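Take a look at the structure set out below.
The values are calculated or read from the model by the stated rules, or taken from the named source; none is laboratory data. As the structure is a prediction and not an experimental result, all values here were calculated from the model. A quick note on method: Cβ atoms are made from the backbone with ideal geometry, for glycine too, and the neighbour counts reach across all protein chains shown. The area values use the complete protein model at the heavy-atom level, side chains included, leaving out ligands, DNA and RNA. Shrake-Rupley method; radii C 1.70, N 1.55, O 1.52, S 1.80 Å.
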Amino acid sequence: MFGRSLYAVFAVLALTTTAACGGGQGSYASIVDKAKNDKKLVIGVKADQPGLGLRTPDGTFTGFDVEVATYVAKQLGVEPSGITFKETVTANREAFIEQGQVDMVVATYSITDARKQKVSFAGPYFVAGQALLVRADEAALTGPQALNGKKLCSVAGSTPAQKVKTEYAKEVQLQEERTYSACVDRVLGGQLDALTTDNVILAGYAAQHAGKLKVVGEPFSTEKYGIGLKKDDTAGRNAVNDALAKMFSDGSWQKALEASVGASGFPVPAAPQLERY
Ligand code: GLU
């Protein structure tokens with residue numbers, strides 16, 4: 001009898017612990033430990049950015065960020081079948097990491113000092129720059145120097161939206177959406193003049209709507225894409241950086257980039273220098 005009730009107590013304890021740790025990562029010291037012990041990871045990616053992070057009709061995810069995430073997970077000991085991809089939008093990435101809803105974020109996520117207050121970053125694994133996406137027949141809006149009086153769209157919480165607010169506030173009207181695909185619809189529909197964000201994201205939309213949209217303007221910012229992790233997970237950051245270094249050196253990085261982003265006509269650059277801190 002005693003044995004049985006003790007068993008019951010343990011069973012309840014085990015259940016409570018599982019429930020408390022449900023969703024993302026729970027109470028592990030590092031993503032390295034979770035990957036090794038559970039052989040599972042929850043990874044935040046974008047769902048509406050062709051070439052980078054896109055949910056397909058069958059519910060799977062494709063794109064360069066997904067390829068990078070899959071490679072890194074494998075290096076940490078997690079097979080593709082152990083990965084759960086979860087949609088993140090620009091504004092909820094820090095919160096998803098802080099709350100443990102995801103173990104890491106690979107989602108066109110620029111490394112910035114402000115974000116480093118809340119999360120840490122491995123990388124960069126790609127460098128993009130802010131540009132503009134306009135309708136194909138747009139003649140006047142050729143770059144950031146021609147923004148006067150224009151209606152722009154970008155995404156709340158993004159570095160490009162922030163740049164517009166601090167540097168072009170007087171000349172433009174900015175509408176902030178939750179996702180870039182919502183902005184694409186507004187530009188295609190003629191309600192807004194341009195979408196501004198990273199050139200590599202815009203190239204994906206221009207390819208998706210060939211003949212209707214085009215990318216203009218030389219890049220006017222530097223966006224270093226990092227992999228977001230819990231702020232204090234130094235072991236995790238080091239392990240992810242090691243995985244990225246391997247992906248750069250064994251040719252997988254270039255292959256993944258050519259197959260995903262390269263398909264939109266975006267010129268494939270050389271791998272960036274990792275910033276270990
Ligand atoms: N890389 C920029 C950022 O992290 C823009 C792209 C995005 O919103 O995901 O804010």
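Here's how it looks for THR88: its modeled amide H is under 5 Å from those of VAL45, LYS46, ALA47, which are all 5 or more places away or on a different chain.
If I compute solvent accessible area with a 1.4 Å probe over the protein chains, what percent of it on the chain is carbon and sulfur? Working shown, then result.
Values: 6780 of 12800 Å².
Exposed carbon and sulfur together represent 53 percent of the surface.
Express the C-alpha Rg of the stretch 80-152 as a ratio against the empirical globular expectation 2.2 N^0.38 Å, rounded to two decimals.
1.52
Beta bridges from DSSP with both residues in the chain: antiparallel share about 60 percent, rounded to the nearest 5. Convex hull volume of the Cα atoms of the stretch 148-277, normalised per residue: 129 Å³. Computed over the stretch 118-172, the percent of Cα pairs more than 18 Å apart is 44. Using only the Cα atoms of the stretch 164-232, each taken as one equal point scatterer with no solvent, compute I(q) by the Debye sum, divide by I(0), and report log10 of the ratio at q = 0.15 Å⁻¹. The Cα Debye sum returns log10 ratios of -0.60.
Go ahead and estimate [θ] at 222 nm for the chain from helices alone: -39,500 (n - 2.57) per DSSP H run with n ≥ 4, summed, over the residue count, rounded to 500. Don't skip to the answer; put the middle values down first.
Values: 10 runs with 102 residues, N = 277.
That comes out to -11000 deg cm²/dmol.
Derived scalar couplings between HN and Hα for the stretch 228-243 equal x, 9, 3, 4, 9, 8, 5, 4, x, 4, 5, 5, 5, 5, 4, 5 Hz in order, rounded to whole Hz, by the Karplus curve 6.51 cos²θ - 1.76 cosθ + 1.60 (θ = phi - 60°), x for Gly and Pro. Under 16 Å of direct C-alpha separation, and excluding same-chain neighbours fewer than eight residues apart, LYS46 reaches these lysines: LYS86. The chymotrypsin sites (Phe, Trp or Tyr not before Pro) of the stretch 63-148 include none that meets both conditions, a loop assignment by DSSP and at most 12 other Cβ atoms within 10 Å of the site Cβ.
Does the stretch 125-205 classify as rounded, prolate or oblate by the C-alpha gyration tensor (a ≥ b ≥ c root eigenvalues; a/c under 1.5 gives rounded; else a/b over b/c gives prolate, otherwise oblate)? Intermediate results must be reported in sequence, preceding the final value.
On the way: a/c = 1.27, a/b = 1.11, b/c = 1.15.
Rounded shape, in that the Cα axes give a/c under 1.5.
For the stretch 190-198, 3J(HN,Hα) computed residue by residue from phi via the Karplus equation (6.51, -1.76, 1.60; θ = phi - 60°) reads x, 6, 10, 8, 7, 9, 10, 6, 5 Hz, glycine and proline entered as x.
Taking amide H positions as modeled 1.01 Å from N, with prolines and chain starts lacking one, the residues under 5 Å from ILE227 and 5 or more places away or on another chain are ALA122, GLY123.
Normalised by the number of residues in the chain, the average gap of Cα pairs under 8 Å and 6 or more apart makes the relative contact order 25 percent. Using Cα atoms only, what is the angle between the long axis of helix 2-20 and the major principal axis of the chain, expressed in degrees (0 to 90) to the nearest 10? Tilt of helix 2-20: around 10 degrees.
Charging the Cβ of each Asp and Glu at -1 and of each Lys and Arg at +1, and nothing else, the dipole of the stretch 44-145 about its Cα centre rounds to 200 debye. 3J(HN,Hα) along the stretch 154-161: 8, 10, 4, x, 8, 5, x, 5 Hz, from the Karplus curve 6.51 cos²θ - 1.76 cosθ + 1.60 with θ = phi - 60°, whole Hz, x for Gly and Pro. The alpha-carbon atoms of the chain, seen along their principal axes, cover 82, 38, 37 angstrom, with the largest extent given first.
Is the shape of the stretch 28-111 rounded, prolate or oblate, going by the alpha carbon gyration tensor and its root eigenvalues a ≥ b ≥ c, with a/c under 1.5 for rounded and a/b larger than b/c for prolate? Don't jump to the answer; show the numbers that get you there.
On the way: a/c = 1.90, a/b = 1.28, b/c = 1.48.
Verdict is oblate for the stretch 28-111.
Once you have the Kirkwood Rh of the stretch 212-253 from its Cα pairs, apply Stokes-Einstein at 4 °C and 1.567 mPa s and quote D in µm²/s. The calculation lands on 98 µm²/s. By the scheme Lys and Arg +1, Asp and Glu -1, what is the net charge of all other residues having a beta-carbon under 14 Å from that of ASN241? Once all neighbours under 14 Å are counted, the net charge is +1. Of the trypsin sites (Lys or Arg not before Pro) found in the stretch 195-263, those in coil by DSSP whose Cβ has at most 14 other Cβ atoms within 10 Å are LYS212. Rounded to the nearest Å, what's the spacing between the alpha carbon centres of the stretch 197-215 and the stretch 60-83? Just the number, please. Computed from Cα coordinates, the inter-centre distance equals 25 Å.
The lysines whose alpha-carbon is closer than 26 Å to the alpha-carbon of LYS150, local same-chain residues fewer than 8 away aside, are LYS163, LYS165, LYS170, LYS212, LYS214. Over the stretch 75-203, accessible surface divided per residue gives 38 Å², non-protein components excluded, 1.4 Å probe. A straight line joining the Cα centroids of the stretch 140-194 and the stretch 231-277 runs 29 Å. With the highest mean first, a sort of the peptides 45-58, 194-207, 140-153 on other beta-carbon atoms found within 10 angstrom per residue produces 194-207, 45-58, 140-153. Within the straight-line cut-off of under 12 Å between alpha carbons, the aspartates and glutamates reachable from LYS36 are GLU79, sequence neighbours fewer than 8 places apart in one chain being disregarded.
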